[in-house]
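Contents: one structure, followed by commentary.
The values are calculated or read from the model by the stated rules, or taken from the named source; none is laboratory data. Here the structure is a predicted model, which is why all the values come from computation and not from measurement. Glycine gets a Cβ as well: all are built from the backbone with ideal geometry, and neighbour counts include every protein chain shown.
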Amino acid sequence: MVELRTAVDVARAVASGELSAAAVVEENLAAIDAREGEVHAFNVVTAERARERAAQIDADIKAGRNVGRLAGVTVALKDNMCTRGVETTCSSRILAGWKPPYDGTVVRRLADAGAVMVGKTNLDEFAMGSSTENSAFGPTRNPLDTSRVPGGSSGGSAAAVAAGFATVSFGSDTGGSIRQPAALCGLVGVKPTYGMVSRQGLIAFGSSLDQIGPFTSTVADAALLMEVIAGHDPLDSTSLPQPAPELMSVLSHGVEGMRIGRITDMPEGSSPDVLERLDAAFDVLRNAGATVVDVQMPSMSYGLTAYYLVAPAEASSNLARFDGVRYGLRVDAKDLNAMYGDTRAAGFGDEVKRRIMLGTYALSAGYYDAYYGKALKVRRLIADDFAKAYESCDVILTPTSPTVAFKFGDKTNNPLAMYLCDVFTIPTNLAGHAAMSVPFGTGEAGLPVGVQVLAPALGEAPMFRVAAELERAA
Ligand code: GLN
């Protein structure tokens, strides 16, 4: 394995002139040359652009200009984040070749802070999946064991960091798509509080659930990136009127006196190696001065069902815009309606079609109250259960994923088995809360296990304190 550099180290070394941004880019490009053929983390590698950008940063440093907090930090971006002039496909045939005319807010904030984009990463088509096997452009492999999936839907972003193709990366999390691949690839992955990070320029899947967040090899890197990308954005009407939280400064605070929730009625089905690591995490925090308290989340296991109505409902509406007229693919046909139908039939893959049908059905007259309406009520119950639990604790720990990385094809014929990967991650998205996955040792076959730290809305600071403590112990 290549030695992974941290964003904190790169930014410091590049800004001080000890290391050039150009050298960091060349290191990543060499790693990409060596292993990308096998891993397939990227839909596109923007090598020349990265070299030019790095040269500019090095020149700025020589000239004594301010280069920002992420000077020379290389980033890989999930291919559902709009990048001006660079193909953005959502790993779908329907968007193949489409080049956005603008950068999304997160993309712009990263560039303004001196980060260098090295490429756009593979995902399950339109971020629908948990293994990156649903990409129209072929799957991504887990760099830690290429017979296994990297998780999904942001599998390419996770693989890119784990393989040393970029210092850090970004994904989107609608139901677990940052946290689960982070867990399966041994990385830190953060799903911020809904509204904390701008969604402007993120191609929408489930608009009331989606958030962008980082993949990093350390908790400090994740804190640094959150400080750079978070904070109010007038271009996103769901953006919170809040500045970015201060997270770097809390990492050394420890957990003395904190209350850590353990869910006594947690959904079943986790493998013993994962549960063993979760127990070890509680022990570590207890030994560091925290109190472990029992909490109940009776609605937690209904989260999955509610999510698979709410998310497809929103997706069916969001994906209506891909009609062969404004973006990407068009299949010519005898009239307009046939063109819509033929374009969508050819452009979308099976899982996307399944979600559009599920969502359209759930929203249709006569079924709306029975399905979509009921799912919204469950969503409310989940928020209420969390509110009650957080009366007696500051954060809650669960596994991130019920198992370590699984083999290719293990779940592709059984959508329900695939959906169950997200049983622990989905409730957070429904509630709009913050959550992150922290690597905490290994399980079956020596593969990484992630522990999930859940926090209430705007609970990023206590969440990062606990994550930092777990990292110190791991
Ligand atoms: N795996 C979940 C799904 O398929 C979550 C995806 C995501 O967070 N984008 O919908």
Per-region count, segment 9-21, residues surrounded by fewer than 19 Cβ atoms within 10 Å (Cβ to Cβ) and in a helix (DSSP H, G or I) = 3
Checking Gly347 against (1) buried (at least 18 other Cβ atoms within 10 Å of the Cβ); (2) more than 24 Å from Thr88 (Cα to Cα), the condition it does not meet | (2)
Name the residue, out of Ala63, Ala55, Ala13, that is farther than 29 Å from Glu125 by Cβ, in contact with a Leu (Cβ under 7 Å, 6 or more places away or on another chain) and not aromatic (Phe, Trp, Tyr).
-> Ala13
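Quick check on this structure: which one of Glu38, Glu27 is touching a residue at least 24 places away in the same chain (Cβ under 8 Å), out of contact with any helix residue (DSSP H, G or I) (no Cβ under 8 Å at 6 or more places or on another chain) and surrounded by 16 or more Cβ atoms within 10 Å (Cβ to Cβ)? Break it down into steps so the answer makes sense when it comes.
Numbers: Glu38 fails: surrounded by 16 or more Cβ atoms within 10 Å (Cβ to Cβ).
Being touching a residue at least 24 places away in the same chain (Cβ under 8 Å), out of contact with any helix residue (DSSP H, G or I) (no Cβ under 8 Å at 6 or more places or on another chain) and surrounded by 16 or more Cβ atoms within 10 Å (Cβ to Cβ) holds for just one of Glu38, Glu27, which is Glu27.
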Taking Leu358 as the residue in question, decide whether it is in contact (Cβ under 8 Å) with a residue 24 or more places away in the chain, of a type outside the set (Ser, Thr, Tyr), closer than 30 Å to Cys82 by Cβ and not in a helix (DSSP H, G or I).
-> no
Only one of Thr428, Thr403 is in a helix (DSSP H, G or I) and hydroxyl-bearing (Ser, Thr, Tyr); which?
-> Thr428
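Could you run through segment 427-474 and say how many residues are basic (Lys, Arg) and at pLDDT below 95? Please lay out each step first, then the result.
Within segment 427-474, the subset basic (Lys, Arg) is 465, 472.
Adding the requirement that they be at pLDDT below 95 leaves none.
Total meeting the criteria: 0.
Do we have Thr218 as farther than 20 Å from Thr105 by Cα, among the polar types (S, T, N, Q) and away from the ligand (no atom under 16 Å from the Cβ) here?
Judged against the criteria, Thr218 is a match.
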Determine whether Ala244 is over 16 Å from Val438 (Cβ atoms), within 15 Å of the ligand (Cβ to nearest atom) and either among the small types (Gly, Ala, Ser) or outside any loop (DSSP other than H, G, I, E, B) (or both).
-> no
How many of the residues making up segment 440-469 are aliphatic (A, V, I, L, M) and crowded, with 22+ Cβ neighbours inside 10 Å?
-> 9
Hey, any hits in segment 370-389 for a residue that's over 27 Å from the mean Cα position of the chain (by Cα), more than 16 Å from Ser92 (Cβ to Cβ), part of a loop (DSSP other than H, G, I, E, B) and of a type outside the set (Phe, Trp, Tyr)?
-> no
Would you be able to say whether some residue in segment 7-25 is modelled with pLDDT under 95 and β-branched (Val, Ile, Thr)?
-> no
Residue count, segment 56-68, condition out of contact with any Ser or Thr (no Cβ under 9 Å at 6 or more places or on another chain) and aliphatic (A, V, I, L, M), comes to 3
Does at least one position in segment 127-140 carry a residue that is within 9 Å of the ligand (Cβ to nearest atom) and over 28 Å from Gly459 (Cα atoms)?
-> yes
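Which residues, counting only those in segment 169-190, are more than 15 Å from Leu77 (Cα to Cα), within 15 Å of the ligand (Cβ to nearest atom) and not small (Gly, Ala, Ser)?
Taking segment 169-190 and keeping what is more than 15 Å from Leu77 (Cα to Cα), we get 174-176, 179-180, 183-188.
From the residues that got through so far, the ones that are within 15 Å of the ligand (Cβ to nearest atom) too are 174-176, 179-180, 183-184.
Hits for segment 169-190 are Thr174, Arg179, Gln180, Leu184.
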Which of the residues that make up segment 197-237 are surrounded by fewer than 24 Cβ atoms within 10 Å (Cβ to Cβ), farther than 21 Å from Ala127 by Cα and among the acidic types (Asp, Glu)?
-> Glu227, Asp233
